[in-house]
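J.: Dropping the structure in here first, questions after.
The values are calculated or read from the model by the stated rules, or taken from the named source; none is laboratory data. Model, not experiment: these values are computed from the prediction. FYI the Cβ positions are ideal-geometry reconstructions off the backbone, even for glycines, and counts take in every protein chain you see.
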Amino acid sequence: MLKQRIITAAILLPVAIIGFFLLHGLAFAIFIGLVVALGAWEWARLAGFAGQPVRVAYAALVVVLLAVLYQLPALAPWLLALAVLWWLAATYLVLTYPQSSRLWGGSAGSLVIGLAILLPSWQALVVLKQWPLGNWLILAVMILVWAADIGAYFSGKTFGKRKLAPQVSPGKSWEGLIGGLLTSLLITLAVGIYRGWSVRELVLALLGAAVVVLISVIGDLTESMFKRSSGIKDSSQLLPGHGGVMDRIDSLTAAIPIFAVLLWLAGWGVL
C-alpha cells in the first residue's frame, strides 16, 4: 500500500504542479475541469448510481455546465454565493446525520448536491487564477488545508479522545481538529509577520484562515457522510493507494470557494 501511494504521488505531483501553476486561461480551466469531471463520475456512485451510463452522463453534464460557466463569467458571484449557502447547509447536515439524510432528496437530490460541491470549486479556482498573485493564492489555500490535515492527523493520533462526528467519521477527534487548526494558524501568523502585515491585517488573516480550515473539515465530513450512507469506503480506485479523486479534493472543494469569497470581501479581486 505504501509503495502504491508513493508511486502514485510521484506521478501526480508533477502533473499537478504543471496544471495548477503553469497553465493559464482556457488551458487551466480545462485542466481543472477534467479533475472536476472525474470527481463528478465518482460522486454519482456516492449518490447511489452504480451503473456506468448514469455516472458518465453525470460527468458529461458537469462538463457542459463548466463550459457554460466559462462562457458566462458574470455568473461567478452567484455561484460562489451558492457555495456559501451550501456549505452552511452542509454543516447542519453533517451535525445532524443520520437524521439529516432524509433531507438529501434521495439519489436525484444527491446529484444536485454534487453540483453544489463541484461547480463552485472549479469557478473559485478560475477566479483565483485571474487575480493578482493567483498562483500564490491557490498555493496558500492548499497549504492551509494540507497543514490542517497533517496537524489533525498527528494531534489526533497523540491526544485524540473525544470523537468529532462519530456517526460520520469515527476516526476524527476534537483534539485533531484543534491541532490542525492551530497548525494552519501558526503558518498564517508566520507568513503575516514575515510579510510585515499590520495588526488589523494579521487579525483578519487569522480569522479568515480559521474559517477556511473549519469549512474544509466540513467538506471532508460531507464526503464521508455520503460514503457512509452508500456503504462505500473510497470514492473510487482511480488513484492506487489514495482512493479516488474526491477522496483527495473533498476538503478543497469546500475551502477554495470560501477562500475566494473571503478574499473578495477583503477587496483582493473583482468578481
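J.: Restricting to segment 131-160, count the residues that are β-branched (Val, Ile, Thr) and without any contact (Cβ under 8 Å) to a residue 40 or more places away in the chain.
T.: 2
J.: I'd like the full set of residues that are touching a Phe, Trp or Tyr at 6+ places or on another chain (Cβ under 8 Å) and either under 22 Å from residue 73 (Cβ atoms) or free of Cβ contacts under 8 Å to residues at least 40 places away in the same chain (or both), limited to segment 114-124.
T.: The answer is 116, 117, 118, 120, 124.
J.: Do you know which of the residues in segment 228-263 that are over 27 Å from residue 137 (Cα atoms) and of a type in the set (S, T, N, Q) is surrounded by the most Cβ atoms within 10 Å (Cβ to Cβ)?
T.: Ranking the qualifying residues of segment 228-263, first place goes to 235.
J.: Residue 225 fails exactly one of the following numbered conditions: (1) surrounded by fewer than 24 Cβ atoms within 10 Å (Cβ to Cβ); (2) among the aliphatic types (A, V, I, L, M); (3) under 19 Å from residue 44 (Cα atoms). What is the number of that condition?
T.: (1)
J.: While we're looking at this one, here's another question. Looking for whichever is under 20 Å from residue 134 (Cα atoms), at pLDDT 95 or above and in a helix (DSSP H, G or I) here; the options are 208, 179. Which one fits?
T.: From the options 208, 179, the qualifying one is 208.
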